Every structure is written in C-alpha cells, then in structure tokens.
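Taken together, the values in this text are just the output of simple stated rules run on the coordinates, not laboratory data. Quick caveat: nothing in here was measured; it's all calculated off a predicted structure. Cβ: placed from backbone, ideal geometry, glycine included. Neighbour counts: every protein chain shown.
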Amino acid sequence: MNDQAPTAVVAEDEAILRDALVTQLARAWPELQVVAACEDGASALEALAEHAPDVAFLDIRMPGLTGLEVAAASAEASPRTQVVFTTAYDQYAVDAFERGAVDYLLKPIDGDRLAACVQRLKARTGTPDAAAFAELLQRLNDGLPRAEGPEPLTWITASAGQETRLILVDEVVYFRADNKYTSVMTAEGEALLRTPIKDLLPVLDPKTFKQIHRSTIVNMKAIAGIARDDSGRGCVRLKSRPETLPVSAPYMALFRQM
C-alpha cells in the first residue's frame, strides 16, 4: 500500500450486506476510505476505473457483471488494485484462493477473518501478477456453482406508440436506459419497456446479452464489429441497425475476456 490513506471500492448487490461490510471495514481498518459502495457489477467496474482504489471487495455473484468479470476487467481498468472476493461458496474456491494473489471472505463475514484479511492486504506490495491473476479467475469461473433461478426471458411486451408489441428477446438488438424505463431496439424499430435496465440484467441470458455501457446492454449476436480509439473508448457496429453504440473504456477490457 502507498503512504496515503488507502482506498477501497465495495460491491455487493444486497444493501444490508453492503452496509454491514462498510461498517465492519470502518472498525477493522479505520484509515481505509471507501470511495464507492456499489450495488452491481457495472457500477463497480466504473468505480474501479474512476478511483483506481487500493482494494476492491467484490461479491462473486451479482446481476449483470459478476465479481469475476469485474475483476477480470479491473486488470486493465485498475491494475494495481488488490481484489478480495466475498462469497457464500467455499468448497470449490478455497484451494484456488489459497494459491492465488487475492483473498476471499465467506458470508456472513466474521470479524476476526476480516481482520486477518486486512493484515494480509497491508502487507502486500506491488502490482498483482496479471497472468497469475487471469489463471486464478479462470479456475474460479470453471468451478463456480451455477445459479439456480428462473429461466432467462424469452419474450417481452413493450409499447410502440399506441400499440403493445410482443417481442422475442432474441430479436432485440440492444436495450438502452430511458429514465425509469428502457428503450428496446430491434431491426424493425424502437419500443418502450416499463422496466428499469438494472432490473433486466438478472433475467437476461448472460451468455447472449452483455453490458457495454452503464446505460446499454447489447445482444452479442447482433454485433458486426467493434473498434477502439486512442482514448480507450470503443464503439460497436450492428448487423441490422445503422447507429453505432459507444462502449465505455472499462467495458473494452471486459470485451477482451469474452
């Protein structure tokens, strides 16, 4: 850690657990400044890119971008950040964590275990080994128990003017946040879904739909190509629509993990 006050980003989709971890950190590591407490992976990734904190506490299982995906992208977005995963799963992960350059905390988080984690973080110096980190993340991802839950959405109802349309999710090119609602773009045109984009992420197929911007989710099957400019930002070309979609710089790192 550097001589300045250490900083951290916390990502946990359950508000009670998120607030509890921030409170526990304040006791275990008083000088630590939590610069962002995020409720989803997208917010966490953007916070990592913005703040480049010393430490990121990432819930492995989050809607949209998982903690593993955020960590993979953080290797470029904030390479000096040390990662600590919080997880309810221990059997598959302990060996990988013990041999890796990251730490893990089992939920519910024990105060003594957190104190030991803090001491390890304080003792670490330098930037994590990117190759070893990538290998660790792959092992964790391969062993991650699959989430049990409802099947991904197959169709939605959305408004187009005075008409209510039935749209197959596979026909959606991309979703874009529109205040409290979501614009649904297909090859035929635009419709409005009365659901916030953050509520769509948990019910879309994560293999097909990927977030490329805080406000945009794209169907990977609808992408014709992607380009990157000198500033690190990118844009997506679509197969069936003329517009291009901006990709935030942190999400460009995520694209290379796909």
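Here are some notes:
- Pairwise FRET efficiency - VAL203 versus ASN179, Cβ, R0 = 30 Å, nearest 0.05: 0.90
- Sparse-neighbour loop sites [trypsin sites (Lys or Arg not before Pro); the stretch 168-258; at most 13 other C-beta within 10 Å; DSSP]: LYS180, ARG194, LYS207, LYS239, ARG256
- Between the Cα long axis of helix 67-77 and the first principal axis of the chain there is an angle of about 80°, rounded to the nearest 10.
- Restricting the GluC sites (Glu not before Pro) of the stretch 179-258 to loop positions (DSSP other than H, G, I, E, B) with no more than 15 neighbouring Cβ atoms within 10 Å leaves GLU188, GLU243.
- Sparse packing (at most 14 other Cβ atoms within 10 Å of the Cβ) combined with a DSSP loop state is found for none of the chymotrypsin sites (Phe, Trp or Tyr not before Pro) in the stretch 145-224.
- To the nearest ten degrees, helix 111-123 and the longest principal axis of the Cα atoms of the chain are 80 degrees apart.
- Exceedance of the 30 Å cut-off in Cα-Cα distance is limited, within the set LYS107/LYS180; LYS198/LYS239; LYS180/LYS210; LYS207/LYS239; LYS180/LYS239; LYS107/LYS207, to LYS107/LYS180.
- Shape category assigned to the stretch 1-87 from the gyration tensor of Cα positions, a/c cut at 1.5: oblate
- Of the beta bridges in the chain, as assigned by DSSP with both residues counted there, near 65 percent are antiparallel.
- In degrees, nearest ten, helix 130-143 long axis to first principal axis of the chain (Cα): 70 degrees
- Two-site FRET efficiency, GLU31 against ASP230, from Cβ-Cβ distance with R₀ of 45 Å, rounded to 0.05: 0.75
- Simple point charges give the picture: +1 on the Cβ of Lys and Arg, -1 on the Cβ of Asp and Glu, and for the chain a dipole about the Cα centre of about 400 debye.
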